[in-house]
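Working notes for the structure below.
What follows draws every value from the coordinates through simple rules; no lab data is involved. Everything numeric here is computed off the predicted structure, so don't read it as measured data. Cβ placement follows ideal geometry from the backbone for every residue including glycine, while neighbour counts extend to all protein chains displayed.
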Amino acid sequence: MAERMQLCNISENNFEQCTKCSICTTVCPVAAVTTDYPGPKQAGPDGERYRLKDPAYFDKALKMCLNCKRCEVACPSGVHIADIIQHARMDATLGKQRASLRDTLLANTDLLGTVANLVAPVANATLGLKPTKAVMHSVMAIDKHRTFPAYSRQKFTTWFKRHAAKEQDAFAHHVSYFHGCYVNYNFPKLGQDLVKLMNAVGYGVHLLDKEQCCGVALIANGLYKQAMRQGRTNIDSIRKSVTRDNRVVLTTSSSCTFNMRDEYPAMLGIDNADVRDSINLATRFIYKLVDEEKIKLIFKQDYKRRIAYHTACHIQRLGWQLYSIEMLRMIPGLDLVELEQNCCGISGTYGFKKENYELSQAIGATLFKDIADAKVEAVSTDCETCKWQIEMSTGLPVENPISILADALDVEATRQANNIK
Amino acid sequence: MRMDTVIMGGGLSALACGISLAKRGKRVTIVASGQSTMLFNGGSMELLGCIDGKPVEKPLEAIATLPQNHPYSKIGADRIAAISERVKLLFSDSGIEMTGSANANHWRITPMGVAKPAWLTLNDHLRIDDLNNLPAKHLALMCVRGFFDVPNAMLAQGLRELGFEVDMIEFTTDDITSLRRSPSEMRATSLAKRLVSNHALQRVADQLNSLAGEADMVLMPSVFGQNDSSDFQTLQNMTRKPLRLVATLPPSVAGMRMMTQLRHYFRMLGGTYLMGDTAVSGTFEGDKLTSVTTAKLGDMPLKADNFVLATGSFVSRGLRADYERIYEPVLGVDVVADNDRERWTSFGVLQPQAYFGYGVATDEQLRCLKNGKPIQNLRAIGSVLSGHDPVKMGDGTGVSLITAIAAADHIRENK
């Protein structure tokens, strides 16, 4: 009896799994460049013991955590170190203080995008001007080195409804697409590339009933309640797509994907268990179709490029970089360099903040050097904020694997190979 | 996803096996549940250090006297001699510079100042070939102010007992002092990240040059070179006296460096290393394993012709114990362990502990057994194996490396 009781007596506190081996501290990109941050072990499982006693032990330095999750990936004992830190931040923020105007603006990528799209030429020109940057730097504390990603004149959804929606029903198979803010407001081409690719192999692409920003930036900036509202809307739409329409949901952003699959239940308490497996990064979905010989991809004979692949933090946490890398390796003319897995330092909105600029660049320095040494003409990554950071810091163009695949694809030959009329 | 070989576990043995196979053009995927116990390694490999509490001088000769159930006995001393040379090559191909011989052990120094028999030691670490002929008479033991990871007084005492004359000299530099703002981060791996630029290394060298006095060798904790040995080389070039490193408490810079180099080499050979994923189950067909499911890849199991179980021992969760049994959690293969829980441990932490010798059962070809029958295409290597005792016998890293390459050979020969 006593032994039976012991068998069931396992702590609910995940931090009890920590064996104090300190391995997480060796991979933290923030602790590597500043002594102001206590490191993941101290900030996470160690600090949590104190915070359980008294929330007053919350250390403001925890705000320096990038939530890159590299500590969790390294942990040999399965401790959810970054989740512990994020929860502590959440507990310390909820109901106490309001996010600053700057943080609210940075976090509301869809609000900002909607407004900016309407006045895209003006917004792009203005945001790029030195006086604007100086004002943003001093008044808004958005760092002057940063250039806001250019806003598109036409939203992806507008393009889709005008030019693509009609043809989609004709295909034999169907998927939904969670495009995310970046594709919708800044870079519709990525969404167009996905439609081109999926259509070429016989899949119609559809929008969700209702899509809102996934909320990854809201969580990072402490706007938890708004993140919960938007998360519930998204999961409701995803559920309809999966159960009503029998369509899995594809994504092209690793952070949106990670957020909706893993942060929704872990951070926001949104139950997504019934649809989690149906939220799929497009490269993974396409890889599976190729692997199971359900589709064929034919690439252009004359396509020749040397490209480096950067593993974004959140795709590493998903464990799915394998699919993007294997997809890129299928392109015969592509010479792929797999970069060592280092954080680029931007971490969504983190690097945009004036107080974080230098830290952000110091964190990314190793990666930028590796990219320079790789002697490539472009970099590929599944994360849009890594794209901005790497483009700004290395001068090289950065492309999502889906865009590279679409670019290298021989559309006519692929349609024929898959019997698409 | 189809591979030639899938290796479960991502530590020393997994990488050694993966590199051996990838080098012959095989498609290999390694599934690593986070970082490995190599981060507890002090910069040396040991083939066989002790038998019955006595240090082993000639490991290859002593291997012939080991009991039948030891993993080395399944491979045989002759093959181990040949494999030990290939291990040295594997390290040098990966950029890891080590010295030593399987014919005769040398001595490594632990952070506690104890000399232990070793097979290979990093060239920048203190190595003693002959205790009667020390590599230096007079050591300047440089103690970093505020540094946690070396108990300096114990280390100095141990070195004196070995016959060295030792001066303990405390020092610091601006770069080192800046780390003290965050007391929990004053660790070896943090120092290694700070002491990288020529300026930072020059400031250390200036201290060493001005403080080392009459000593004929300078000893520093192993806090240089998280990626390769170039930071050490730079510092040595700036320092007037011969410089050697001594292991620190974990996580160790030397272990981190070796893992980084092995992983990098494995990737260069075309291998796939899945960091932070865990093999959770397997599918068997008859006497073969057909696929392995991982936590992250979910509904896309890894299929392969051959599989290798390199998941490590209890600390790495390759073996699990509950209140009723000891088991292998991924594939449920047979383990060698006492049924009677009372026998797993003995009172007194320094006493021999039976559980150190527990692990998975294999046949002569290192194939795992399931219900007593060998699985044709599944081999076990490294710490997950039964029949050896890394603590009492000093054979941990040796078993990892030797079985890894022996298993790679079996996989090739079976084609």
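The table for this structure:
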item	result
Calculated from backbone phi, Karplus (6.51, -1.76, 1.60) coupling profile of the stretch A:337-344 in Hz, x at Gly/Pro	10, 8, 6, 4, 7, 10, 6, 7
Sequence-distant residues sharing a close amide H with B:Asn377 (under 5 Å, placed H)	B:Leu289
Neighbourhood net charge (14 Å Cβ-Cβ; Lys/Arg +1, Asp/Glu -1) for B:Pro117	-1
Rg ratio (alpha-carbon, reference 2.2 N^0.38 Å) - the stretch A:305-408	1.02
Cα gyration tensor, the stretch A:9-93 - rounded (a/c under 1.5), prolate or oblate	oblate
Alpha-carbon centroids, the stretch B:280-311 and the stretch B:328-382: separation in whole Å	20
Computed over the protein assembly as shown, Cα set: Rg, Dmax in Å	28.1, 87
Fraction of alpha-carbon pairs over 22 Å apart in the stretch B:251-379 - percent	49
Kirkwood hydrodynamic radius of the stretch B:313-407, Cα pairs, Å	13.7
Long-range Cα-Cα pairs in the stretch A:181-228 (distance over 17 Å), rounded percent	52
B:His388, B:His264, A:His80 arranged by Cβ crowding within 10 Å, fewest neighbours leading	B:His264, A:His80, B:His388
Shielding by partners - mean other protein chain Cβ count within 10 Å, residues of A:321-329	2
Shielding score for B:243-252, defined as the mean number of other chain Cβ atoms within 10 Å	1
Residue-averaged [θ]222 nm for chain A, counting only DSSP H segments that reach four residues, each worth -39500 (n - 2.57)	-12500 deg cm²/dmol
Built amide H within the under 5 Å cut-off of A:Lys353, gap 5+	A:Asp143
³J(HN,Hα) computed for each position of the stretch B:359-371 - Karplus, 6.51 cos²θ - 1.76 cosθ + 1.60, integer Hz, glycine/proline x	x, 6, 8, 9, 8, 4, 9, 6, 6, 5, 9, 10, 6
Packing-based ranking, highest mean first, of B:4-17, B:73-86 given that Cβ atoms within 10 Å are counted	B:4-17, B:73-86
Calculated diffusion of the stretch B:59-99, Stokes-Einstein form, Kirkwood radius summed over Cα pairs, 25 °C and 0.890 mPa s, µm²/s	219
Taking all pairs of distinct alpha-carbon atoms in chain B, Kirkwood radius in angstrom	22.3
Cα-centre dipole for the protein assembly as shown with unit charges at Cβ (Lys and Arg positive, Asp and Glu negative), debye to 20	2280
For the stretch B:164-315, the fraction of alpha-carbon pairs in successive 10 Å shells from zero, as %	9, 28, 25, 15, 13, 8, 2, 0
Within the protein assembly as shown, percent of DSSP bridges classed antiparallel, to nearest 5	35
Least to most buried among B:Cys50, A:Cys71, A:Cys344 (fewest other Cβ within 10 Å first)	B:Cys50, A:Cys71, A:Cys344
Shape parameters for the stretch B:126-246, alpha-carbon atoms, Rg then Dmax in Å	13.9, 44
Within chain B, percent of DSSP bridges classed antiparallel, to nearest 5	45
Environment charge of A:Ile286, counting only residues whose C-beta is closer than 14 Å and scoring Lys/Arg +1, Asp/Glu -1	0
Within 10 Å of each Cβ in A:15-27, the average number of Cβ atoms from other chains	5
Å³ per residue enclosed by the Cα convex hull of chain A	163
Long-range amide H partners of A:Asn400 with built H, under 5 Å	A:Thr381
Computed Rg/Rh of the stretch B:351-414, alpha carbon atoms with Kirkwood Rh	1.01
Chain B - mean residue ellipticity at 222 nm from DSSP helices (-39,500 (n - 2.57) per run, n ≥ 4, rounded to 500)	-8500 deg cm²/dmol
Sequence ranges B:312-324, A:213-225, ranked by mean other-Cβ count within 10 angstrom, highest first	A:213-225, B:312-324
Between the stretch A:390-414 and the stretch A:200-231, the alpha-carbon center distance in angstrom	24
Phi to ³J(HN,Hα) by Karplus 6.51 cos²θ - 1.76 cosθ + 1.60 over the stretch A:232-242, Hz, x for Gly, Pro	5, 4, 5, 5, 4, 5, 5, 4, 4, 4, 6
Value of Rg/Rh across the stretch A:121-222 [Cα atoms, Kirkwood radius]	1.10
Cα centroid separation, the stretch A:321-337 to the stretch B:104-134 (Å)	45
Taking A:Trp320, B:Trp107 and counting other C-beta atoms within 10 Å, the order from fewest to most	B:Trp107, A:Trp320
